[in-house]
Amino acid sequence: MRYFSLSKAFMAILSRDLLLALRRRSEVVNPLLFFVIVVTLFPLAISPSQAVLQTLAPGIIWVAALLSTLLSLERMFRSDFEDGSLEQLLLSPCPPTVVVLAKVLAHWLVSGLPLLLIAPLLGVFLALPTAAIPTLLFTLALGTPVLSLVGAIGVALTVGLRRGGALLSLLVLPLYLPVLIFAANAVAASADGLAVTGQLYFLGGLLLLSCSLAPLAAAAALKISIH
Amino acid sequence: MLRTIDLGCERGDRILFSGLNLQLNAGEILQIHGANGCGKTTLLRTLCGLTRPATGKIFWQDLDIRDDESTFSEDVIHIGHHDGIKHELSAAENLHFALALSATTPEFDVTQALAHFGLTAQTHLPAYVLSAGQRRRVALSRLLLNNARLWVLDEPFTALDKDSIGVMEDMLHQHASKGGCVVITSHHSIPLAPDIHRELQLGT
């Protein structure tokens, strides 16, 4: 007999999900390309003038990040639900909250982190002042994990439904509003040379809150969904 | 070891069965019979704790499985209609993952478990190139990588060839002789000694 190791199970789920992402590259690349394309649509549709773009840039980048996250959310539990792996995960001695945390982390590494890496380039493209770029990165670093965590609750609730996609966006987007407001506001304020510590603290608070509560909620929702 | 009291299950608003009192002792194999849609799968899912029963209670070693989820989850293994196999991963990768999530040190390792089911040549092939029967065998190999005492098997013989059916039947015998319990649904008649073979007819 050996004791069940939580960290080993966590790492096993995390590395399995990363390996799966590596083997289904298109699912990973599509939301990222979507992010880039949505951002590039704005200068074409509104105006290429730097003054206009500069004021819109924080909002555009953050709305595009939200939509691109939404596009990749379903991947978190859908295929596991369909092929029966989710049942196996929930029947295993590993607590469901740990399963959720590992899968959320894998989701963020695969779809949140790439947004972070490509956002500075898009910031420059939208004429965002260089001074605001570090703030943009900070808000994305604090905000995108919240998107993955809160999204996990939505996916866990809708994964048992045959066409849960539209419901998922209706459920999750309103919950993303606080992140959107504080993040876009912080980037806009720093572009104007104002202090942004307040907004960043709020985002940090949201991250801690969702880190501690979302896994519990998502785990409970998953149990209902596989019922 | 496994006991149910007044167990009842519903699917949607339909009552599938109610008032089911079961007692399964160590070393016994319970085969559940019944027409399609009579609730065999629901009963199995309820017994392993995936679905909440509408009424009644389930006890594993005299403890309610709802009260003691973590101990029970180390003691039960469920192989359902879906194989729980990731198509992008190889047979060995799938089993290594299953092993990482179990709490015990089994007698078999991944290579031996696959060899037991005659899948040595398929060890490193991605599961999407395997046939349905081969994937089923990979899923059933998980039974060897686990020391769970309660096996809950939903139609394990589906898609298996003659040889694998033999292997699976031997595994059932061995598990029972080691004092394990099996709850199984199958339309296939399993050759078992009458003293360990219990049968339940659902939907009458």
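The values are calculated or read from the model by the stated rules, or taken from the named source; none is laboratory data. Bear in mind the structure is a predicted one, so any value in this text is a computation, not a measurement. We place every Cβ from the backbone using ideal geometry, glycine too, and count neighbours over all the protein chains shown. Only protein heavy atoms, including side chains, enter the accessible area calculation; ligands, DNA and RNA are left aside. Shrake-Rupley method; radii C 1.70, N 1.55, O 1.52, S 1.80 Å.
General remarks:
- Inter-site label distance for A:Ala141 and A:Ser26 at 7 Å from Cα along Cβ, in nm: 3.5
- Peptide A:7-20 has a mean shielding of 3, counted as Cβ atoms of other protein chains within 10 Å of each residue's Cβ.
- Heavy-atom surface of the range B:131-204, accessible at 1.4 Å and reported per residue (Å²): 42
- Other protein chain Cβ atoms within 10 Å, averaged over every residue that makes up A:74-81: 1
- Largest accessible area first, the listed residues A:Thr130, A:Thr158 line up as A:Thr130, A:Thr158 when surface is computed with a 1.4 Å probe on the assembled protein chains.
- Whole-percent carbon and sulfur share, accessible surface of the protein assembly as shown, 1.4 Å: 63
- Helix content alone sets the calculated 222 nm mean residue ellipticity of chain B: runs of n ≥ 4 DSSP H residues at -39500 (n - 2.57) each, divided across all residues, give -8000 deg cm²/dmol.
- When B:Asp75, B:Asp62 are compared by accessible area of protein heavy atoms, the largest-first order is B:Asp62, B:Asp75, using a 1.4 Å probe.
- log₁₀ of I(q)/I(0) at q = 0.15, 0.18, 0.28 Å⁻¹ - the range A:135-205, Debye sum with one point per alpha carbon: -0.53, -0.68, -1.15
- P(r) weight above 27 Å for chain B, C-alpha pairs, percent: 30
- Exposure check, 1.4 Å probe, all protein chains in place: A:Phe42 carries approximately 70 Å² of accessible surface.
- Heavy-atom accessible area ranking, 1.4 Å probe, most first, across B:Met1, B:Met168, A:Met11: A:Met11, B:Met1, B:Met168
- 23 Å Cα cut-off, lysine pairs counted over the protein assembly as shown (separation 8 or more, or different chains): 9
- Relative contact order (percent, whole number), chain A, Cα cutoff 8 Å, 6+ residue spacing: 26
- Distance from the range B:60-100 to the range B:129-157 (C-alpha centre basis), Å: 11
- For B:39-49, mean number of other protein chain Cβ atoms within 10 Å: 1
- In the range A:82-195, the C-alpha radius of gyration followed by the widest Cα-Cα span (Dmax) gives 17.2, 53 angstrom.
- For the range B:8-80, the relative contact order comes to 28 percent (Cα pairs under 8 Å, sequence separation of at least 6).
- The smallest convex shape that holds all Cα atoms of the protein assembly as shown, its convex hull, gives 146 Å³ per residue.
- Rounded tilt (10° steps) of A:50-73 against the dominant C-alpha axis of chain A: 10
- A Gaussian network model of chain A, with springs between Cα atoms under 10 Å, assigns the largest mean-square fluctuation among A:Ile118, A:Ile46, A:Ile61 to A:Ile46.
- Percent of beta bridges antiparallel (DSSP, the protein assembly as shown, rounded to nearest 5): 45
- Descending principal axes extents, the range A:6-226, alpha-carbon based, whole Å: 56, 33, 29
- Exposure of B:Ile15 as accessible area (Å², to 10), given a probe of 1.4 Å and all protein chains: 110
- Once the partner protein chains are put back, the range A:210-227 shows a loss of at least 20 square angstrom of accessible area, versus the chain by itself, at A:Lys223, A:Ile226, A:His227 (probe 1.4 Å, ligands and nucleic acids excluded).
- Summed over both chains, the contact between A and B buries some 2600 Å² of accessible surface at a probe radius of 1.4 Å.
- Sparse packing (at most 12 other Cβ atoms within 10 Å of the Cβ) combined with a DSSP loop state is found for the following trypsin sites (Lys or Arg not before Pro) in the range A:2-59: A:Arg2.
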